[in-house]
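Engineer: Before we start, here is the structure in question, set down as structure tokens.
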Amino acid sequence: MNIFKQIVSAFIVGGLFAVMGQGLMSIFAMSLGGDSVLIVPLTLVSVGLIGGVLFIAGIYQKIEKIGTFGAILPFCGLVAAIGSLYAGTKAQTGSSGAAAKAGIQLALYVLGIGTILSIIIGAVAFFTI
């Protein structure tokens, strides 16, 4: 697959996931009221569940082949990556405990790095703007 086709595919797949997330957020805002603090957490949980279900069904792997980075970057990609790591670790070690530990480590690593970067970027923006 040439680089132009990969970029276009990633853009389309990532855009479709973004539209899905925005649609869910709009549905929750209409249902709960626009000022509810539950809109974002419910949207993230819903997108994560969708990613998990698609991974378990074997569909997310096909989406990743088509959309490359556009399928990996959204939150549902994190859930699919954790599921993939869990399944691979369980197959290698035969231990559910080791697989769960590997999945938790990945989640904490990604979310921890994201939190640290967000704090740094927020502090830089606060003091420079």
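Engineer: Could we say that residue 84 is of a type in the set (Gly, Ala, Ser), out of contact with any strand residue (DSSP E or B) (no Cβ under 8 Å at 6 or more places or on another chain), surrounded by fewer than 17 Cβ atoms within 10 Å (Cβ to Cβ) and closer than 29 Å to residue 22 by Cα here?
Structural biologist: Considered against the rule, which asks whether it is of a type in the set (Gly, Ala, Ser), out of contact with any strand residue (DSSP E or B) (no Cβ under 8 Å at 6 or more places or on another chain), surrounded by fewer than 17 Cβ atoms within 10 Å (Cβ to Cβ) and closer than 29 Å to residue 22 by Cα, residue 84 comes out as yes.
Engineer: A follow-up question, please. For residue 106, state whether it is hydrophobic (A, V, I, L, M, F, W, C), over 21 Å from residue 21 (Cα atoms), in contact (Cβ under 8 Å) with a residue 24 or more places away in the chain and in contact with a helix residue (DSSP H, G or I) (Cβ under 8 Å, 6 or more places away or on another chain).
Structural biologist: Yes.
A quick yes/no check of all residues on (1) farther than 23 Å from residue 114 by Cβ; (2) at pLDDT 90 or above:
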residue: 21; (1), (2): no, yes
residue: 36; (1), (2): yes, yes
residue: 46; (1), (2): no, yes
residue: 69; (1), (2): no, no
residue: 73; (1), (2): no, no
residue: 78; (1), (2): no, no
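Engineer: Considering only residues that are surrounded by fewer than 10 Cβ atoms within 10 Å (Cβ to Cβ) and either within 18 Å of residue 52 (Cβ to Cβ) or of a type in the set (A, V, I, L, M) (or both), which ones fall in the stretch 108-129?
Structural biologist: Across the stretch 108-129, the qualifying residues are 125, 129.
Engineer: Let me ask something else. Tell me, which residue of the stretch 97-120 that is of a type outside the set (Lys, Arg) and in contact with a Ser or Thr (Cβ under 9 Å, 6 or more places away or on another chain) is nearest to residue 47 (Cα to Cα)?
Structural biologist: 103
Engineer: Okay, next question. Give the residues of the stretch 34-84 that are touching a residue at least 60 places away in the same chain (Cβ under 8 Å) and on the phi > 0 side of the Ramachandran plot, sorted by residue number.
Structural biologist: 68 - this is the single residue of the stretch 34-84 that is touching a residue at least 60 places away in the same chain (Cβ under 8 Å) and on the phi > 0 side of the Ramachandran plot.
Engineer: Please state which one of 129, 104 is farther than 25 Å from residue 15 by Cβ and either at pLDDT below 90 or touching a strand residue (DSSP E or B) at 6+ places or on another chain (Cβ under 9 Å) (or both). Give the derivation first.
Structural biologist: On the way: 104 fails: either at pLDDT below 90 or touching a strand residue (DSSP E or B) at 6+ places or on another chain (Cβ under 9 Å) (or both).
When all the criteria are applied, what remains is 129.
Engineer: Tell me, please, whether a residue that is within 12 Å of the chain's Cα centre (by Cα), loosely packed, with under 14 Cβ neighbours inside 10 Å and part of a helix (DSSP H, G or I) can be found in the stretch 94-107.
Structural biologist: No, because not a single residue in the stretch 94-107 is within 12 Å of the chain's Cα centre (by Cα), loosely packed, with under 14 Cβ neighbours inside 10 Å and part of a helix (DSSP H, G or I).
The values are calculated or read from the model by the stated rules, or taken from the named source; none is laboratory data. Just so it is clear, the model here is predicted, and its values are computed rather than measured. Cβ: placed from backbone, ideal geometry, glycine included. Neighbour counts: every protein chain shown.
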